[in-house]
1. Starting from the Cα coordinates of the stretch 1-55, work out the convex hull volume and express it per residue in Å³.
2. Please give the length that would be gained between residue 69 and residue 107 if that part of the chain were fully extended, namely 0.36 nm times their separation in residues minus their C-alpha to C-alpha distance (nm, one decimal).
3. Can you check what the net charge comes to around residue 23, using other residues whose Cβ is under 10 Å from the Cβ of residue 23 (Lys, Arg +1; Asp, Glu -1)?
4. At residue 44 and residue 88, where each label point lies 7 Å from the Cα along Cα→Cβ, what is the point-to-point distance in nanometres?
5. Quick one: among 77, 28, 101, which has the greatest mean-square fluctuation in a GNM of the chain with alpha-carbon springs under 10 angstrom?
6. Which residue, chosen from 61, 87, 14, occupies the Cα position most advanced towards the positive end of the dipole of the chain, where the dipole is computed from +1 (Lys, Arg) and -1 (Asp, Glu) charges on Cβ about the Cα centre?
7. Post the alpha-carbon centroid distance, the stretch 75-113 to the stretch 1-71, in whole angstrom.
8. Does the stretch 61-113 come out rounded, prolate or oblate by the C-alpha gyration tensor, with a ≥ b ≥ c the root eigenvalues, rounded set by a/c under 1.5 and, if not, prolate when a/b is larger than b/c and oblate if not?
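Since every read-out is calculated from the coordinates, none of them should be taken as a lab result. On a predicted model such as this, the values are computed, not experimentally measured, just so you know. Cβ coordinates were reconstructed from backbone atoms using ideal geometry, including for glycine residues, and neighbour counts include every protein chain displayed.
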Amino acid sequence: MDDCIFCKIIEGEIPGEIFLEEENFVAIWDINPKAPQHLLVIPRGHVSSLEDTADWPPERISEMFRFVREVAEKAGIRESGYRVLTNVGKDAGQVVFHLHIHVIGGAGLGDFA
Ligand code: AMP
């Protein structure tokens, strides 16, 4: 998609701090972290939000969450625990309309978002 910031980061058109990548998903560091570790898991193909994954095969959803676990492992927060969330639409406060799963941890999250 032409005007999508995450598509541009994935395509290398603008800088982004890529943490881990594989065939269908990329993890980047959030530019405005809400906790010591704050990563975003992003599918390579443009989909606006979780709502647009209705036609994904179930294996793709599983693959996305397997990648989330790998990101947590590599970030060193799998044992200590982490939060996974995705904002969908206006009332959730979604700002970037390319699906991304927040992976947040590295401290007790009671004090964070
Ligand atoms: P939301 O759409 O509400 O899930 O929020 C978008 C998230 O993307 C926020 O946590 C931002 O800090 C993050 N973000 C926005 N632009 C960038 C960027 N260029 N690189 C990394 N993270 C970003």
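1. Roughly 99 Å³ of hull volume per residue.
2. Working: separation 38, 0.36 × 38 = 13.68 nm, distance 1.72 nm.
Stretched out fully, the residue 69 to residue 107 stretch lengthens by 12.0 nm.
3. Every neighbour counted, the sum reads -2.
4. In this crude spin-label approximation the distance works out to 2.6 nm.
5. Checking each option, the largest mean-square fluctuation is seen for 77.
6. Checked the options; the winner is 87.
7. One Cα centre to the other: 12 Å.
8. On the way: a/c = 2.96, a/b = 1.30, b/c = 2.27.
It comes out oblate by the Cα gyration axes.
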